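Some notes on the structure that comes next.
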Amino acid sequence: QVQVLESGGGLVQAGGSLRLSCAASGSIYSISSMGWYRQAPGKERELVARIISGGSTNYEDSVRGRFTISRDNAKNTGYLQMDSLKPEDTAVYYCKVVITGRQYWGQGTQVTVSS
């Protein structure tokens, strides 16, 4: 069994920064990829950023240059550094971890950006 726990969300003013953390625990052999998704009210969940085991990353167009995804393999923990936040970044942010082809989701953490 694998557990995924996000933390670091909160309320911030536009232009501010937050760093989200995603900690995976349990029966982990090797994490193939770790991704951050977000879902705003009334919208579908969308991929924000993803990092694979080799270190390659990809970003959704609206966050590229403002958000940075990283991971600490030794700690099975990933991070999403979010800078220059905008009100449209307001959403629940979810972490998804892929291990041997299976997907594990966290419960989500709320990010609210005020104008």
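The values are calculated or read from the model by the stated rules, or taken from the named source; none is laboratory data. None of the values given here were measured: they were computed from a predicted structure. Note that we place each Cβ from the backbone using ideal geometry, even for glycine, and neighbour counts take in every protein chain shown. For the accessible areas, the whole protein counts, side chains as well, though only heavy atoms, and no ligand, DNA or RNA atoms are used. Shrake-Rupley method; radii C 1.70, N 1.55, O 1.52, S 1.80 Å.
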| message | Need pairs with beta-carbon distance below 6 Å; first residue free of Cβ contacts under 8 Å to residues at least 60 places away in the same chain and within the range 54-77, second in a loop (DSSP other than H, G, I, E, B) and small (Gly, Ala, Ser); sequence gap 6+ or separate chains. | response | Arg66/Ser84
| message | Consider the range 69-84. How many of its residues are among the small types (Gly, Ala, Ser) and in contact with a strand residue (DSSP E or B) (Cβ under 6 Å, 6 or more places away or on another chain)? | response | 2
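Residue-by-condition table, conditions (1) more than 13 Å from the chain's Cα centre (by Cα); (2) among the acidic types (Asp, Glu):
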residue: Gln3; (1), (2): yes, no
residue: Val12; (1), (2): yes, no
residue: Ile28; (1), (2): yes, no
residue: Gln39; (1), (2): no, no
residue: Thr57; (1), (2): no, no
residue: Thr68; (1), (2): no, no
residue: Asp72; (1), (2): yes, yes
| said: Show me the strands (runs of 3 or more DSSP E) found entirely inside the range 1-113 where at least 3 residues are open to solvent by less than 30 Å² (accessible area, probe 1.4 Å) and out of contact with any Phe, Trp or Tyr (no Cβ under 9 Å at 6 or more places or on another chain). | reply: 31-39
